[in-house]
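S.K.: Encoded as structure tokens, here's the structure I'll be asking about.
A short reminder: the numbers here are calculations on the coordinates, not readings from a lab. Bear in mind the structure is a predicted one, so any value in this text is a computation, not a measurement. Note: ideal-geometry Cβ built from the backbone for every residue, glycine included; neighbour counts use all protein chains shown.
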Amino acid sequence: MDKIWLNALISTIAVSIISLIGVSLFALKTEKLQKILLLLVCFSVGALLGNAFFHLVPESYFHIESPKLTSWLIIAGFMLFFLVEQLLHTHQAANPAVSFRVKPYGYLSLYADGIHNFTDGILIGAAWMFSPELGLATTITVILHEIPQEISDFGILLKAGFSKKKALFYNFLVATSAILGTLLALWFGHEIEHFSVYVLPVAAGGFIYLAATSLLPEVLKNTAKGKWFIHSVFVLLGLALMYYFSLTGGHHH
């Protein structure tokens, strides 16, 4: 039990530290950064879908007695992310950027990132409670989609008017909300029986939403002529990595 807490917290702290990857923006030229970022996004799409369909969905159907309930929970996760994104867009539209030193969308980005990281934390905690294999696969997936996410978040903050140091500090601060999510998942998981079982399909729905509606349109929007093949290869690499994890330690309780 202590080992589960230790592994889960180490994983979440590692994920939080990833937020400091914005430092790499200082050195890279914009053009180079865009090229690397897009390949990372493609890889993330594969990893997110792979984790959802090779890990979270099969685990959910195995542990939850009613297949219909499991399906509804996956849809609920998808809709939850859809709702949050809609609310953020509405908030953004209702509060157009006034000419402050720091534009409101900078704070909005931090707020969205905080919710996102908190969810990631719950997911990591729940995954480690199931098994080391699922815990590790989930941690790696989260890290993979965090890298492009954090680099782009950092770019948004700079554009909104934050200084480089402040942007880095706030990004890191918001990333630590993942630790809170993990602690809650671990605590509730043992206090309330089967809590983590029901988090898995909701998370799967969220991952599918993130890959299909947030990341894929970004790839499609930026696919230059002749680049579709390399983009597809990177998506498949992400899928292959997650499939490999699902083979190296099948574990049904």
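S.K.: Net charge within 15 Å of L9 by Cβ-Cβ distance, Lys/Arg positive one each and Asp/Glu negative one each, not counting L9 itself?
M.R.: Summing Lys and Arg as +1 and Asp and Glu as -1 gives -1.
S.K.: Are any of the pairs K103/K165; K166/K221; K166/K227; K32/K165 more than 28 Å apart by Cα-Cα distance, and if so, which?
M.R.: K166/K221; K166/K227
S.K.: Within 10 Å, count the other beta carbons around each residue, average over each peptide in 57-64, 133-140, and list them highest first.
M.R.: Order by mean packing, descending: 133-140, 57-64.
S.K.: Based on the Cβ-Cβ distance of A14 and S232, what FRET efficiency does E = 1/(1 + (r/R0)^6) give at R0 = 30 Å, to the nearest 0.05?
M.R.: Efficiency for this residue pair is about 0.55.
S.K.: Can you order the peptides 150-158, 6-14, 116-124 by their average number of other Cβ atoms within 10 Å per residue, highest first?
M.R.: 116-124, 150-158, 6-14
S.K.: What does the extension gain come out to for S163 and K68, with contour length at 0.36 nm per residue minus their alpha carbon separation?
M.R.: 29.3 nm
S.K.: Tell me the label-point distance for the pair I140, E85, using the 7 Å Cα-to-Cβ offset, in nm and rounded to one decimal.
M.R.: The two pseudo-label positions are separated by 2.6 nm.
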